[in-house]
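Trainee: Could you have a look at this structure, given as structure tokens, before my questions?
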Amino acid sequence: MDYSKDQIARKSEWFRYYSEKRITHQWLQVHLLKNLDDVNTILEVGPGLGLVSSMLHNAGYEVTTVDYLSNQYPHPDIKFIQKEIMNLTGEEASGYDCIICCETLEHLLWEDVDIVLSKFFSSGCEWLIISVPYQGFQLDFRLFFNLYKFKKNFSMKIFKFLMNFDFDTNIDPYGHKWEIGYKKYSLFNLEKKIKKIGYQIHMREFSSPCRSVFYILRNYKK
């Protein structure tokens, strides 16, 4: 069977992005919904290639996705809105039980994060799940051994709080603009933003080995 260049490119990008270390991160986005019994309809912001969308659908959730890119995972049961996150209105984000916005906010300018979180809050959705890269001090060590295979992984993040996070919008306008753990971008400052908007932190979790910080946030003023 002959495959088109688009099919070959998609498969190549899928295997590049959804690496072994990232799969746990994708799984966690869905797993955090486990104890939110009142959640059925979900707005997923920044679905990428659609792995989380497919898992949410497979788990029985009603999913709508929104992205500035064209639909990367067309599915008859998953609605899609093509729109920049900064142009998304609170009204367009309303009517869902939960909004999921993972590995997306760091692509915005730090000061624009408040604007987007405010829109999510004004939507009236009770639950919001977010995640962003975490580069604060951390140690990750893994060891696997049996009679046929041995492998290990070691990672340590340290002193990032002394460094500036540098980015160039001319090179990559949609790249990361900040990451938690660098100078000025502390976990405290992120949580200050969250609470200022009106959200209450229901849960904070860290993924490993992808090393991101996750929050389940609740809007009691829905």
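Trainee: For the chain, build the charge dipole from Cβ charges (+1 Lys, Arg; -1 Asp, Glu) around the Cα centre, then report which of THR65, SER123, TYR185 sits farthest towards its positive end.
Mentor: Among THR65, SER123, TYR185, the one farthest towards the positive end of the dipole of the chain is TYR185.
Trainee: Tell me the carbon and sulfur percent of the accessible area for region 1-146, rounded to whole percent, probe radius 1.4 Å.
Mentor: The value for region 1-146 is 54 percent carbon and sulfur by accessible area.
Trainee: Write down the Å³ per residue value for the convex hull defined by the alpha carbon atoms of region 108-155.
Mentor: With only Cα atoms used, region 108-155 gives 144 Å³ per residue.
Trainee: Related question: Rolling a 1.4 angstrom probe over the protein heavy atoms, how many square angstrom per residue are accessible across region 122-222?
Mentor: Ligands and nucleic acids excluded, the result is 63 Å² per residue.
Trainee: When the Cα centres of region 81-115 and region 178-222 are compared, how far apart do they sit, in Å?
Mentor: Distance between centres, Cα-based: 15 Å.
Trainee: Also, quick follow-up: Give the label of the value calculated from the structure for Rg/Rh (Cα atoms, Kirkwood Rh), choosing from (1) 1.11; (2) 1.09; (3) 0.97.
Mentor: Checked against the structure: label (3).
Trainee: Could you name the lysines whose alpha carbon sits less than 21 Å from that of LYS157, not counting residues in the same chain fewer than 8 places away?
Mentor: Hits, sequence-local ones excluded: LYS21, LYS177, LYS183, LYS184.
Trainee: What's the magnitude of the charge dipole for region 145-192 around its Cα centre, counting Lys and Arg as +1 and Asp and Glu as -1 at the beta-carbon? Answer in Debye, nearest 20. Please list the in-between numbers first.
Mentor: On the way: 9 positive and 5 negative charges, 78 e Å.
Computed charge dipole of region 145-192: roughly 380 debye.
Trainee: In debye, nearest 20, what is the charge dipole magnitude of the chain about its Cα centre with +1 on Lys and Arg Cβ and -1 on Asp and Glu Cβ, if you could check? All intermediate terms of the calculation are to be shown ahead of the outcome.
Mentor: On the way: 28 positive and 27 negative charges, 208 e Å.
Approximately 1000 debye in magnitude.
Trainee: What net charge do the residues around GLY181 carry, taking every other residue with its C-beta under 12 Å from that of GLY181, with Lys and Arg at +1 and Asp and Glu at -1?
Mentor: Once all neighbours under 12 Å are counted, the net charge is +3.
The values are calculated or read from the model by the stated rules, or taken from the named source; none is laboratory data. The shown structure was predicted, so the numbers you read here are calculated from the model rather than taken from an experiment. Positions of Cβ are backbone-derived with ideal geometry, glycine not excepted, and every protein chain shown enters the neighbour counts. Accessible surface is based on the protein model in full, side chains and every heavy atom, while ligands, DNA and RNA are left aside. Shrake-Rupley method; radii C 1.70, N 1.55, O 1.52, S 1.80 Å.
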